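The values are calculated or read from the model by the stated rules, or taken from the named source; none is laboratory data. A quick note: this is a predicted structure, and the numbers were derived from the prediction, not measured. Don't worry about glycine lacking a Cβ; one is built from the backbone with ideal geometry, like all the others, and counts go over all protein chains shown. Ligands, DNA and RNA are stripped out before the accessible areas are found, and what is left, the full protein with its side chains, is counted by its heavy atoms. Shrake-Rupley method; radii C 1.70, N 1.55, O 1.52, S 1.80 Å.
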Amino acid sequence: MAKIKPSKGAPYARILGVGGYRPTRVVPNEVILEKIDSSDEWIRSRSGIETRHWAGPEETVAAMAIEASGKAIADAGIDAEQVGAVVVSTVSHFAQTPAVATEIADKLGTKKAAAFDISAGCAGFGYGLTLAKGIVVEGSAEYVLVIGVERLSDLTDREDRATAFLFGDGAGAVVVGPAQEPAIGPTVWGSEGDKSETIKQTVSWDRFRIGDVADLPLDSAGNVKFPAITQEGQAVFRWAVFEMAKVAQQALDAAGITADDLDVFIPHQANVRIIDSMVKTLKLPEHVTVARDIRTTGNTSAASIPLAMERLLATGEAKSGDTALVIGFGAGLAYAATVVTLP
Ligand SMILES: CC(C)(COP(=O)(O)OP(=O)(O)OC[C@H]1O[C@@H](n2cnc3c(N)ncnc32)[C@H](O)[C@@H]1OP(=O)(O)O)[C@@H](O)C(=O)NCCC(=O)NCCS
């Protein structure tokens, strides 16, 4: 048997830079109310959302990701040529193949970086971060770009009052690279496929294409509605509140710290009431800064955590070197939580 050389990576990995892109169009609740029977007061009090961003034709998944990534690369103080792998988490890139990551890697000016997409819904950023850490420590790339990007406005049924107000568009990116001490803790992750019916696409692409759509919602012209994300709001809400607080605590335990050691809490931005409930269950002390980016960004799925991280650092609410707990959860029902040192 031939002897195979072991790969040589960094002792540890850390987030070195972060960047975000929010589409220029800001959409207030009044616009949502044109299509559903609701009120600004109801949307604000039940979800926390006041405005969200919707992408225009030029703000494609690739274009938004490239903007966010350029900022993350600059923030990390490296050149695009040093990026050895690009991991993109998205559910709203409408071409099955090739992976949008390959276009992003090329347009950013990487040197033929490895590039691939993953689909893990709102847990996608945590999944990407876990892969990136593994790649850096294993040594297949020195710097890995992790991108969460969504155009959920394309997958929103504007007449569905259970979801029309929730989703937004945007991109967030981080650069993960070598570190001399641990700066990304163990990931606590998993999925509960037995509950996957609670968040799903209304109709699969193949059924939509062949018109096997007898039981599907129609638009006012009698045509089958374009596929959209649908959810059982209350079931997802309960699951998030009860199960995800446990997972968040497990991530703290796995990192060997307590809530008192935390500076920042960046949960997936799904609903401000879910965030507030987790803060209570985890008994986060007053000094912990909590991301509530949902107010002006809505739920941007895989992009929500890096976007919230970028904003907290940009506004000075969080600072470089702070210890943050991040947790993503959603379709799947997949989840991932970890403790990180902020770039
Ligand atoms: C969607 C969500 C905001 C709805 O809030 P909720 O408090 O659960 O609302 P409910 O579905 O229980 O509905 C409560 C009432 O409001 C009404 N309602 C529902 N949607 C409404 C709307 N858009 N406007 C006004 N009223 C509405 C319902 O008909 C119901 O009325 P009733 O009490 O007379 O029957 C909430 O369930 C949620 O955020 N769920 C989790 C979302 C999430 O995390 N998704 C993750 C995806 S990644």
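For this structure, a couple of remarks:
- Backbone geometry of the stretch 88-105 corresponds, through the Karplus equation with coefficients 6.51, -1.76 and 1.60 at θ = phi - 60°, to 3J(HN,Hα) couplings of 10, 9, 7, 10, 10, 9, 8, 10, 4, 8, x, 4, 5, 4, 5, 5, 5, 4 Hz, x marking Gly and Pro.
- Taking the accessible area of the chain, probe 1.4 Å, and keeping the other protein chains in place, the carbon and sulfur fraction comes to 51%.
- Estimated FRET transfer efficiency when R0 is 35 angstrom, pair Glu58-Asp261 (beta carbons, to 0.05): 0.20
- Degrees separating the helix 233-255 axis from the principal Cα axis of the chain, which is the longest one: 10 degrees
- Proximal aspartates and glutamates to Lys319, defined as alpha-carbon separation beneath 14 angstrom and excluding residues fewer than eight positions away on the same chain: Asp75, Asp263, Glu310
- Between Ser204 and Glu41, residue separation times 0.36 nm minus the direct Cα-Cα distance comes to 55.3 nm.
- Angle between the chain longest axis and helix 61-76 axis [Cα atoms, degrees, rounded to 10]: 30 degrees
- A simple spin-label model places the labels of Phe116 and His287 4.2 nm from each other, with each point 7 Å out along Cα-to-Cβ.
- Between Lys280 and Thr24, the contour length at 0.36 nm per residue exceeds the Cα-Cα span by 88.7 nm.
- Helix 124-138 and the longest principal axis of the C-alpha atoms of the chain enclose an angle of approximately 20°.
- In this simple spin-label model, placing a label point 7 Å from the Cα along the Cα-to-Cβ direction at both Glu232 and Glu181 gives a separation of 4.7 nm.
- Per residue, the stretch 273-343 exposes 33 Å² of solvent-accessible protein surface, assessed with a 1.4 angstrom probe and all protein chains in place.
- Assigned charges on the beta-carbon of Lys, Arg, Asp, Glu; the chain dipole about Cα centre (debye): 580 debye
- Where Cα atoms sit under 30 Å apart: lysine pairs in the stretch 17-165 separated by 8 or more or lying on different chains: 7
- Taken over the stretch 180-263, the percentage of Cα pairs per 10 Å bin, counting from 0 up to the bin with the maximum distance, is 14, 29, 22, 18, 12, 5, 0.
- Full-extension gain in nm, Ala254 to Ser320, via 0.36 nm per residue minus C-alpha separation: 21.5 nm
- With Cα atoms defining each centre, the stretch 29-50 and the stretch 101-137 are spaced 35 Å apart in the structure.
- Rounded to whole Å, the principal axis extents of the Cα atoms in the chain read 64, 46, 42, largest first.
- Note on the stretch 104-232: Cα convex hull, mean projected area over all directions, 11.0 nm².
- Dimensions of the stretch 1-113 from C-alpha coordinates, computed as largest minus smallest value along each principal axis and given longest first, are 69, 34, 29 Å.
- A 1.4 Å probe over all protein chains sorts His287, His268, His93 by accessible area into His287, His93, His268, starting with the largest.
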